[in-house]
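Asker: What follows is a single structure, and I will ask about it in a moment.
The values are calculated or read from the model by the stated rules, or taken from the named source; none is laboratory data. Everything quoted here is computed from the prediction, not taken from an experiment. Reconstructed Cβ throughout: ideal geometry from the backbone, glycine too, with neighbour counts over all protein chains shown.
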Amino acid sequence: MIGVLRSAAMAASAACALLVPAMAPAGSAAVAVPHPGRAAAMDVRGEGDGDGTLITRLHTPPTGTSIASPARDTLYACRGGTLARPDRPWIDAHGVIDVLKRPFVSGTMHWPKVLRVTRTATTRHFEGNGLPGHSTGRFPVQKGTPAYKYYAEIPSPGYPNAAAIPIKPWHLDVTVPRNPIVQATPTCISQLTTGMALAGGTFHLEVATDAEDRPVDPNAALPLDRCWGHPYETQYHYHGPSQTCFGKTASRASANGGRSGHSPLVGYAIDGFGIYGPRGEDGKIVRNKDLDVCHGHTHAIMWDGKKVVAYHYHLNGEYPYSIGCFRGTPTTVPGDANSHDWSH
Ligand SMILES: [Zn+2]
Ligand SMILES: [Zn+2]
């Protein structure tokens, strides 16, 4: 179903978006019944587990940063291009985003998360409805809320503007290798979906396009909800160091034991490698200089209940914040929010 309404114009647009055409809302069967207002407030910090730390300062890349080849502090998109740094009141002259100055998408909605993760000797399979097990901000973004104008200025065919995009369930059905193999050459990112969070949503490419069709860091350009998420083409996904709301659903098994150690597993990339929160082996937030060009590294972690030395990705506060390229071999995600745009 997704893709039917897509036009050739999309090929000219970059990722994540909200800036490229979204699905028309008409005719979609509403499977999920959100309950706005069921909870009065969402205590994000209270849901944090182990590394549920809210990272409040993000280092966004300067204008001119290439996304055309694998390198530290950027990502490797198959489409290539260079990033622009948007002008926003929450970004200082050094390119640091103060997350507490960036408005959150307000409101509270609850969702009936479905995510089954099963494995065979060689594969790991994810099947679900793409909805998160935690509450989200209220989408469509409501008029009169601080986040509204940033969404409302973005055109979105099928809707009055990007503020009108709701969250809807979709059929997430992805199989990755259970024990992926590190490839000598990194692979570029060709789809929006870069991984699956155990919390129920997906991780997306850390590129959006602005009103002028320039590729930008979505964390710099747009308010997200308190779980670092928002919908694109009605699929709810995360950007940045989004582990804040994963406490109740992520694995509670710390990789190297203890709350002071390595962050727990929060999801899997579409190449099969694990995605962890921001803390490294010493319990300190990992820096990009400690990671490779794909935003990962190799050391002993707990993997399917065993301690093994394995490659894995980390979330942190330095661009690209999550996956920068694939160290393994990425699979194709059927129904990816923008697969026609990024799959070539
Ligand atoms: Zn996005
Ligand atoms: Zn690590």
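Asker: Which residues, counting only those in the stretch 61-94, are touching a residue at least 40 places away in the same chain (Cβ under 8 Å) and on the phi > 0 side of the Ramachandran plot?
Answerer: Those that are touching a residue at least 40 places away in the same chain (Cβ under 8 Å) and on the phi > 0 side of the Ramachandran plot: ASP73, GLY81.
Asker: I'd like the full set of residues that are of a type outside the set (Gly, Ala, Ser) and buried (at least 24 other Cβ atoms within 10 Å of the Cβ), limited to the stretch 232-243.
Answerer: Narrowing the stretch 232-243 to residues of a type outside the set (Gly, Ala, Ser): 232-239, 241, 243.
TYR232, GLU233, GLN235, TYR236, HIS237, TYR238, HIS239, PRO241, GLN243, listed by residue number.
Asker: Right, something else. Tell me which residues, restricted to the stretch 144-176, are surrounded by fewer than 17 Cβ atoms within 10 Å (Cβ to Cβ), at pLDDT 95 or above and assigned to a loop (DSSP other than H, G, I, E, B).
Answerer: GLY144, PRO146, HIS171
Asker: Also: Which residue pairs have Cβ atoms closer than 6 Å, lie 6 or more positions apart in sequence or on different chains, and pair a first residue in the stretch 202-229 that is farther than 26 Å from GLY274 by Cα and touching a residue at least 40 places away in the same chain (Cβ under 8 Å) with a second residue that is more than 16 Å from ligand 2 (Cβ to nearest atom) and of a type in the set (Ser, Thr, Tyr)?
Answerer: Pairs found: THR209/SER13; PRO215/THR209; LEU222/TYR150; PRO223/TYR150.
Asker: Take ASN179 and tell me if it is over 15 Å from the mean Cα position of the chain (by Cα), modelled with pLDDT of 95 or more, closer than 29 Å to ARG327 by Cβ and not charged (D, E, K, R). Steps first, please.
Answerer: Details: over 15 Å from the mean Cα position of the chain (by Cα): yes; modelled with pLDDT of 95 or more: yes; closer than 29 Å to ARG327 by Cβ: yes; not charged (D, E, K, R): yes.
Against the criterion (over 15 Å from the mean Cα position of the chain (by Cα), modelled with pLDDT of 95 or more, closer than 29 Å to ARG327 by Cβ and not charged (D, E, K, R)), ASN179 qualifies.
Asker: Follow-up. Looking at GLY80 and the list (1) over 27 Å from HIS297 (Cβ atoms); (2) not in a strand (DSSP E or B), which single condition is not satisfied?
Answerer: (1)
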